[in-house]
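A short worksheet on the structure shown next.
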Amino acid sequence: MLRALLTVVYFLLGMSIGIWLFPEVVIMADIELPKVIGNLFVYGAVGGLLFLAATAWSIPWLKTQVEKLEKIVLGRNITEIFFASIGMLFGLLVAVLLTLLINTFNIPVVNEIFPIISAVILGYLGFQVGLKKFGEVIELFQKSPKSTESISVKKLVDTSAIIDGRILDVLSTGFLEGEIIIPQFVLDELQLIADSTDHVKREKGQRGLDVLNQLRTESEFVSVRPVKYDKLDVDHQLIELANEINAAIITTDYNLNRVAQVHNIKVLNVNELQDSLKLMLTQGDIFKILITKTGKEKGQGVGYLEDGTMVVVDDADMYINELQKVQVTSILQTNSGRIIFTKLAN
(Lines give C-alpha, C1' and ligand atoms only; values in the text may rest on other atoms or scores of the structure.)
Protein backbone atom coordinates (compact mmCIF):
# COMPACT_ATOMS: atom_id res chain seq x y z
CA MET A 1 0.00 0.00 0.00
CA LEU A 2 2.77 2.45 0.93
CA ARG A 3 4.74 1.63 -2.23
CA ALA A 4 1.66 2.28 -4.39
CA LEU A 5 1.04 5.59 -2.61
CA LEU A 6 4.65 6.71 -3.16
CA THR A 7 4.39 5.75 -6.84
CA VAL A 8 1.30 7.95 -7.22
CA VAL A 9 3.10 10.82 -5.45
CA TYR A 10 6.10 10.47 -7.80
CA PHE A 11 3.79 10.44 -10.84
CA LEU A 12 1.91 13.55 -9.69
CA LEU A 13 5.19 15.33 -9.05
CA GLY A 14 6.36 14.42 -12.55
CA MET A 15 3.06 15.67 -13.99
CA SER A 16 3.57 19.03 -12.28
CA ILE A 17 7.09 19.30 -13.69
CA GLY A 18 5.87 18.30 -17.18
CA ILE A 19 3.02 20.82 -17.21
CA TRP A 20 5.43 23.56 -16.12
CA LEU A 21 8.48 22.61 -18.23
CA PHE A 22 7.27 21.23 -21.58
CA PRO A 23 5.41 24.38 -22.74
CA GLU A 24 8.57 26.40 -22.09
CA VAL A 25 10.65 23.89 -24.08
CA VAL A 26 8.20 24.03 -27.01
CA ILE A 27 8.30 27.82 -27.06
CA MET A 28 12.10 27.93 -26.85
CA ALA A 29 12.43 25.33 -29.64
CA ASP A 30 9.84 27.22 -31.75
CA ILE A 31 7.98 24.01 -32.57
CA GLU A 32 4.32 23.85 -33.47
CA LEU A 33 2.69 20.69 -32.16
CA PRO A 34 -0.77 19.42 -33.07
CA LYS A 35 -3.36 20.12 -30.39
CA VAL A 36 -3.77 16.37 -29.90
CA ILE A 37 -0.32 16.16 -28.32
CA GLY A 38 0.38 19.82 -27.59
CA ASN A 39 -1.85 20.19 -24.53
CA LEU A 40 -1.47 20.14 -20.75
CA PHE A 41 -2.88 16.62 -20.34
CA VAL A 42 -0.24 15.11 -22.63
CA TYR A 43 2.51 17.25 -21.09
CA GLY A 44 1.48 16.09 -17.62
CA ALA A 45 1.22 12.40 -18.57
CA VAL A 46 4.59 12.39 -20.34
CA GLY A 47 6.23 14.30 -17.50
CA GLY A 48 4.80 11.89 -14.91
CA LEU A 49 5.96 8.79 -16.81
CA LEU A 50 9.44 10.18 -17.51
CA PHE A 51 9.93 11.32 -13.90
CA LEU A 52 8.69 7.97 -12.60
CA ALA A 53 11.03 6.06 -14.94
CA ALA A 54 14.01 8.19 -13.91
CA THR A 55 13.44 8.07 -10.14
CA ALA A 56 11.70 4.71 -9.54
CA TRP A 57 14.96 3.34 -8.07
CA SER A 58 14.54 5.65 -5.05
CA ILE A 59 11.03 4.43 -4.13
CA PRO A 60 12.23 1.39 -2.06
CA TRP A 61 14.69 3.59 -0.15
CA LEU A 62 12.02 6.22 0.55
CA LYS A 63 9.59 3.47 1.59
CA THR A 64 12.12 2.21 4.15
CA GLN A 65 12.61 5.72 5.56
CA VAL A 66 8.86 6.31 5.82
CA GLU A 67 8.41 2.99 7.64
CA LYS A 68 11.15 3.95 10.13
CA LEU A 69 9.43 7.27 10.71
CA GLU A 70 6.14 5.44 11.17
CA LYS A 71 7.67 3.22 13.89
CA ILE A 72 9.04 6.26 15.71
CA VAL A 73 5.66 8.03 15.60
CA LEU A 74 3.72 4.94 16.69
CA GLY A 75 6.17 4.49 19.59
CA ARG A 76 5.01 7.83 21.01
CA ASN A 77 1.73 8.36 22.80
CA ILE A 78 -0.95 10.68 21.44
CA THR A 79 -0.11 13.46 23.92
CA GLU A 80 3.51 13.61 22.73
CA ILE A 81 2.44 13.67 19.06
CA PHE A 82 -0.11 16.42 19.72
CA PHE A 83 2.32 18.72 21.52
CA ALA A 84 5.08 18.01 18.98
CA SER A 85 2.71 19.05 16.18
CA ILE A 86 1.69 22.19 18.06
CA GLY A 87 5.36 23.03 18.61
CA MET A 88 6.16 22.57 14.92
CA LEU A 89 3.22 24.78 13.86
CA PHE A 90 4.36 27.46 16.30
CA GLY A 91 7.91 27.26 14.87
CA LEU A 92 6.56 27.61 11.30
CA LEU A 93 4.45 30.60 12.37
CA VAL A 94 7.55 32.32 13.77
CA ALA A 95 9.36 31.52 10.50
CA VAL A 96 6.56 33.19 8.49
CA LEU A 97 6.69 36.32 10.65
CA LEU A 98 10.48 36.53 10.31
CA THR A 99 10.19 36.02 6.54
CA LEU A 100 7.74 38.94 6.26
CA LEU A 101 10.19 41.08 8.23
CA ILE A 102 13.17 40.10 6.05
CA ASN A 103 11.21 40.70 2.82
CA THR A 104 10.77 44.36 3.75
CA PHE A 105 14.52 44.86 3.26
CA ASN A 106 14.32 43.48 -0.32
CA ILE A 107 17.74 41.81 -0.21
CA PRO A 108 18.49 39.76 -3.36
CA VAL A 109 18.97 35.99 -2.90
CA VAL A 110 18.28 36.27 0.85
CA ASN A 111 14.57 36.82 0.18
CA GLU A 112 14.45 33.51 -1.72
CA ILE A 113 16.62 31.38 0.58
CA PHE A 114 15.67 32.67 4.04
CA PRO A 115 12.03 31.38 4.04
CA ILE A 116 13.15 27.80 3.36
CA ILE A 117 15.99 27.82 5.90
CA SER A 118 13.91 29.46 8.64
CA ALA A 119 10.96 27.09 8.06
CA VAL A 120 13.19 24.01 8.33
CA ILE A 121 15.16 25.14 11.38
CA LEU A 122 12.31 26.72 13.38
CA GLY A 123 9.88 23.95 12.45
CA TYR A 124 12.36 21.32 13.67
CA LEU A 125 13.12 23.22 16.89
CA GLY A 126 9.43 23.66 17.58
CA PHE A 127 8.82 19.94 17.01
CA GLN A 128 11.61 18.96 19.42
CA VAL A 129 10.51 21.41 22.11
CA GLY A 130 6.91 20.22 21.88
CA LEU A 131 7.98 16.57 22.00
CA LYS A 132 10.42 16.76 24.91
CA LYS A 133 8.89 19.52 27.04
CA PHE A 134 5.21 18.64 26.83
CA GLY A 135 5.26 17.33 30.42
CA GLU A 136 6.38 20.73 31.69
CA VAL A 137 3.66 22.42 29.63
CA ILE A 138 1.01 20.16 31.18
CA GLU A 139 2.35 20.90 34.67
CA LEU A 140 2.27 24.63 33.90
CA PHE A 141 -1.43 24.54 33.02
CA GLN A 142 -2.38 22.16 35.83
CA LYS A 143 -0.68 24.08 38.63
CA SER A 144 -3.13 26.08 40.74
CA PRO A 145 -3.38 27.13 44.41
CA LYS A 146 -6.22 24.67 45.00
CA SER A 147 -4.63 21.71 43.27
CA THR A 148 -1.69 19.78 44.71
CA GLU A 149 -2.10 16.63 42.62
CA SER A 150 1.00 15.62 40.68
CA ILE A 151 1.17 13.99 37.27
CA SER A 152 2.05 10.32 37.26
CA VAL A 153 5.67 9.99 36.21
CA LYS A 154 6.60 7.57 33.45
CA LYS A 155 8.58 4.60 34.67
CA LEU A 156 11.32 2.71 32.82
CA VAL A 157 11.81 -0.90 33.92
CA ASP A 158 15.35 -2.26 34.20
CA THR A 159 16.29 -5.83 33.23
CA SER A 160 17.13 -6.70 36.85
CA ALA A 161 13.64 -5.71 38.05
CA ILE A 162 11.96 -7.86 35.39
CA ILE A 163 14.09 -10.93 36.15
CA ASP A 164 13.52 -10.36 39.89
CA GLY A 165 9.78 -10.70 39.29
CA ARG A 166 8.52 -8.88 42.40
CA ILE A 167 7.43 -5.94 40.25
CA LEU A 168 4.56 -8.14 39.07
CA ASP A 169 3.23 -8.40 42.64
CA VAL A 170 3.65 -4.66 43.20
CA LEU A 171 1.79 -3.90 39.96
CA SER A 172 -1.08 -6.26 40.79
CA THR A 173 -1.65 -4.49 44.13
CA GLY A 174 -2.16 -1.15 42.36
CA PHE A 175 0.76 0.71 43.93
CA LEU A 176 2.35 1.48 40.54
CA GLU A 177 0.59 4.25 38.62
CA GLY A 178 1.07 5.81 35.21
CA GLU A 179 2.79 4.53 32.08
CA ILE A 180 5.30 1.72 32.59
CA ILE A 181 7.77 1.44 29.71
CA ILE A 182 10.07 -1.43 28.80
CA PRO A 183 12.62 0.04 26.34
CA GLN A 184 13.59 -2.07 23.35
CA PHE A 185 17.18 -2.47 24.56
CA VAL A 186 15.93 -4.05 27.83
CA LEU A 187 13.85 -6.54 25.83
CA ASP A 188 16.88 -7.28 23.63
CA GLU A 189 19.08 -7.89 26.69
CA LEU A 190 16.46 -10.27 28.13
CA GLN A 191 16.43 -12.15 24.83
CA LEU A 192 20.24 -12.29 24.87
CA ILE A 193 20.23 -13.72 28.41
CA ALA A 194 17.48 -16.21 27.51
CA ASP A 195 19.62 -17.46 24.58
CA SER A 196 22.76 -17.83 26.75
CA THR A 197 24.66 -21.12 26.79
CA ASP A 198 24.90 -20.84 30.59
CA HIS A 199 21.82 -22.66 31.90
CA VAL A 200 21.56 -20.37 34.97
CA LYS A 201 21.50 -17.22 32.82
CA ARG A 202 19.20 -18.91 30.34
CA GLU A 203 16.65 -19.72 33.07
CA LYS A 204 16.83 -16.14 34.39
CA GLY A 205 16.26 -14.73 30.91
CA GLN A 206 13.34 -17.05 30.23
CA ARG A 207 11.79 -16.18 33.59
CA GLY A 208 12.23 -12.48 32.78
CA LEU A 209 10.43 -12.90 29.44
CA ASP A 210 7.58 -14.72 31.24
CA VAL A 211 7.33 -11.90 33.79
CA LEU A 212 7.31 -9.33 30.97
CA ASN A 213 4.43 -11.10 29.24
CA GLN A 214 2.50 -11.22 32.53
CA LEU A 215 3.15 -7.51 33.09
CA ARG A 216 1.65 -6.66 29.72
CA THR A 217 -1.31 -8.91 30.46
CA GLU A 218 -1.88 -7.39 33.93
CA SER A 219 -1.96 -3.74 32.82
CA GLU A 220 -2.79 -1.85 29.65
CA PHE A 221 -0.32 0.85 30.72
CA VAL A 222 2.69 -1.47 30.28
CA SER A 223 4.28 -1.10 26.85
CA VAL A 224 7.48 -1.89 24.97
CA ARG A 225 8.92 1.24 23.38
CA PRO A 226 11.12 0.91 20.28
CA VAL A 227 14.31 2.88 20.95
CA LYS A 228 17.22 3.26 18.55
CA TYR A 229 20.56 2.49 20.20
CA ASP A 230 24.13 1.84 19.08
CA LYS A 231 25.27 -0.73 21.65
CA LEU A 232 23.71 -2.86 24.38
CA ASP A 233 24.78 -0.80 27.41
CA VAL A 234 21.49 -0.95 29.27
CA ASP A 235 22.41 1.21 32.29
CA HIS A 236 23.77 4.01 30.11
CA GLN A 237 20.79 3.83 27.74
CA LEU A 238 18.32 3.88 30.67
CA ILE A 239 19.94 7.00 32.14
CA GLU A 240 19.84 8.79 28.77
CA LEU A 241 16.24 7.79 28.03
CA ALA A 242 15.05 8.70 31.55
CA ASN A 243 16.60 12.16 31.15
CA GLU A 244 15.10 12.56 27.69
CA ILE A 245 11.49 11.71 28.61
CA ASN A 246 11.65 12.78 32.28
CA ALA A 247 10.95 9.29 33.64
CA ALA A 248 11.79 7.31 36.78
CA ILE A 249 13.63 3.96 36.76
CA ILE A 250 12.40 0.76 38.41
CA THR A 251 15.36 -1.47 39.30
CA THR A 252 16.95 -3.81 41.83
CA ASP A 253 20.49 -2.96 40.66
CA TYR A 254 22.38 -1.12 43.43
CA ASN A 255 24.97 0.41 41.07
CA LEU A 256 22.32 1.70 38.65
CA ASN A 257 20.46 3.11 41.64
CA ARG A 258 23.51 5.16 42.69
CA VAL A 259 24.32 6.37 39.16
CA ALA A 260 20.71 7.44 38.57
CA GLN A 261 20.72 9.44 41.80
CA VAL A 262 23.86 11.26 40.64
CA HIS A 263 21.90 12.29 37.51
CA ASN A 264 18.93 13.40 39.68
CA ILE A 265 16.72 10.65 38.27
CA LYS A 266 14.02 9.23 40.52
CA VAL A 267 14.63 5.55 41.31
CA LEU A 268 12.03 3.03 42.48
CA ASN A 269 14.12 0.24 44.02
CA VAL A 270 12.14 -2.95 44.68
CA ASN A 271 14.63 -4.00 47.38
CA GLU A 272 14.15 -0.73 49.25
CA LEU A 273 10.40 -1.17 48.97
CA GLN A 274 10.62 -4.62 50.54
CA ASP A 275 12.85 -3.31 53.35
CA SER A 276 10.33 -0.58 54.13
CA LEU A 277 7.53 -3.16 54.33
CA LYS A 278 9.24 -5.45 56.83
CA LEU A 279 6.96 -6.67 59.56
CA MET A 280 7.41 -4.35 62.56
CA LEU A 281 6.97 -6.37 65.74
CA THR A 282 6.99 -5.15 69.32
CA GLN A 283 6.85 -6.92 72.66
CA GLY A 284 3.49 -8.57 73.21
CA ASP A 285 2.56 -8.92 69.49
CA ILE A 286 1.08 -12.28 68.45
CA PHE A 287 1.61 -13.88 65.02
CA LYS A 288 1.94 -17.29 63.41
CA ILE A 289 5.27 -18.86 62.47
CA LEU A 290 6.32 -22.16 60.89
CA ILE A 291 8.83 -23.81 63.22
CA THR A 292 11.44 -25.41 60.99
CA LYS A 293 14.19 -26.66 63.34
CA THR A 294 15.39 -26.85 66.93
CA GLY A 295 17.34 -24.03 68.55
CA LYS A 296 20.68 -23.95 70.35
CA GLU A 297 19.13 -24.04 73.80
CA LYS A 298 17.15 -26.96 75.15
CA GLY A 299 13.47 -26.93 74.16
CA GLN A 300 13.81 -24.05 71.65
CA GLY A 301 12.26 -24.09 68.20
CA VAL A 302 13.33 -21.80 65.37
CA GLY A 303 11.39 -20.30 62.46
CA TYR A 304 11.95 -17.46 59.98
CA LEU A 305 9.88 -14.53 58.78
CA GLU A 306 9.53 -13.88 55.06
CA ASP A 307 12.36 -11.34 55.17
CA GLY A 308 14.71 -13.89 56.77
CA THR A 309 14.45 -12.64 60.37
CA MET A 310 15.08 -15.47 62.86
CA VAL A 311 12.33 -16.22 65.38
CA VAL A 312 13.23 -18.26 68.48
CA VAL A 313 10.31 -19.96 70.22
CA ASP A 314 10.66 -21.31 73.80
CA ASP A 315 9.40 -24.83 74.59
CA ALA A 316 8.59 -25.55 70.93
CA ASP A 317 11.04 -28.28 69.93
CA MET A 318 8.17 -30.76 69.68
CA TYR A 319 6.38 -28.63 67.04
CA ILE A 320 8.93 -28.89 64.21
CA ASN A 321 7.34 -28.38 60.76
CA GLU A 322 4.14 -27.09 62.39
CA LEU A 323 2.52 -23.66 62.22
CA GLN A 324 2.18 -22.22 65.72
CA LYS A 325 0.83 -18.98 67.18
CA VAL A 326 3.56 -17.21 69.17
CA GLN A 327 3.88 -14.07 71.29
CA VAL A 328 6.91 -11.73 71.21
CA THR A 329 8.80 -11.58 74.51
CA SER A 330 11.89 -9.61 73.40
CA ILE A 331 13.78 -8.45 70.31
CA LEU A 332 17.58 -8.53 69.99
CA GLN A 333 19.31 -6.35 67.38
CA THR A 334 22.66 -7.77 66.22
CA ASN A 335 25.18 -6.85 63.53
CA SER A 336 23.75 -9.54 61.27
CA GLY A 337 20.12 -8.53 61.85
CA ARG A 338 17.27 -8.96 64.31
CA ILE A 339 16.46 -12.01 66.42
CA ILE A 340 12.94 -12.19 67.81
CA PHE A 341 12.40 -14.23 70.97
CA THR A 342 8.88 -15.56 71.54
CA LYS A 343 6.82 -18.06 73.48
CA LEU A 344 3.88 -20.18 72.49
CA ALA A 345 0.72 -18.06 72.65
CA ASN A 346 -1.61 -20.93 73.53
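The values are calculated or read from the model by the stated rules, or taken from the named source; none is laboratory data. A quick note: this is a predicted structure, and the numbers were derived from the prediction, not measured. Every residue, glycine among them, receives a Cβ derived from its backbone with ideal geometry; neighbour counts consider all protein chains shown. Note: areas computed on protein heavy atoms with side chains; ligands, DNA, RNA excluded. Shrake-Rupley method; radii C 1.70, N 1.55, O 1.52, S 1.80 Å.
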Practice prompt. For region 11-64, count the residues as N, evaluate 2.2 N^0.38 Å, and divide the Cα radius of gyration by that value, please.
Written response: 1.31
Worksheet item: For the chain, which DSSP H helices look membrane-span-like by this rule: Cα extent along the axis of 24 Å or more and mean Kyte-Doolittle of at least 0.5?
Response: 2-29, 78-103, 110-132
Worksheet item: In the structure displayed, which of Lys204/Lys343; Lys204/Lys228; Lys204/Lys298; Lys63/Lys266 lie more than 31 Å apart, Cα to Cα?
Response: Lys204/Lys343; Lys204/Lys298; Lys63/Lys266
Fill in: Lys, Arg +1 and Asp, Glu -1 on Cβ, resulting dipole of the chain about Cα centre, debye, nearest 20
220
Worksheet entry | Rounded FRET efficiency, nearest 0.05, which uses the C-beta distance separating Val94 from Tyr229 and R0 of 35 Å | 0.60
Worksheet item: Cα convex hull of region 78-145: mean projected area in nm², to one decimal?
Response: 5.4
Worksheet, complete the sentence: Between Tyr304 and Lys201, the FRET efficiency computed from the C-beta separation at R0 = 45 Å comes out, to the nearest 0.05, as 0.95
Worksheet item: How far apart, in nm, are the 7 Å Cα→Cβ label points at Val36 and Phe105?
Response: 5.7
Worksheet item: Running Debye on region 226-307 with equal point scatterers at the Cα sites and no solvent, what base-10 log of I(q)/I(0) appears at q = 0.12, 0.16, 0.21 Å⁻¹?
Response: -0.58, -0.73, -1.00
Worksheet item: Taking Cα pairs under 8 Å and at least six residues apart, what relative contact order does the chain come out at, in percent?
Response: 10
Fill in: Potential lengthening between Glu112 and Ile72 on full extension [0.36 nm per residue; Cα-Cα distance subtracted]
11.1 nm
Discussion item. What FRET efficiency comes out for Arg3 versus Asn321 if R0 is 51 angstrom and r is the Cβ-Cβ distance? Round to the nearest 0.05.
Written reply: 0.15
Worksheet item: In what sequence, largest accessible area first, do Lys155, Lys133 appear using a 1.4 Å probe?
Response: Lys133, Lys155
Fill in: Gyration tensor verdict on the chain (Cα atoms; rounded if a/c is under 1.5, prolate if a/b is larger than b/c, oblate otherwise)
prolate
Discussion item. Computing the accessible area with a 1.4 Å probe over protein heavy atoms, can you report the carbon and sulfur percentage for region 155-276?
Written reply: 47
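Can you tell me how region 155-276 classifies by the Cα gyration tensor, rounded, prolate or oblate, using a/c under 1.5 as the rounded cut?
Rounded shape, in that the Cα axes give a/c under 1.5.
Would you mind calculating the gained length between Thr294 and Glu220 on full extension (0.36 nm times residue separation, minus the Cα-Cα distance), in nm to one decimal?
Full extension of this stretch gives 21.8 nm more.
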Discussion item. Using a 1.4 Å probe on the protein heavy atoms, what percent of the accessible area of region 1-75 belongs to carbon and sulfur?
Written reply: 77
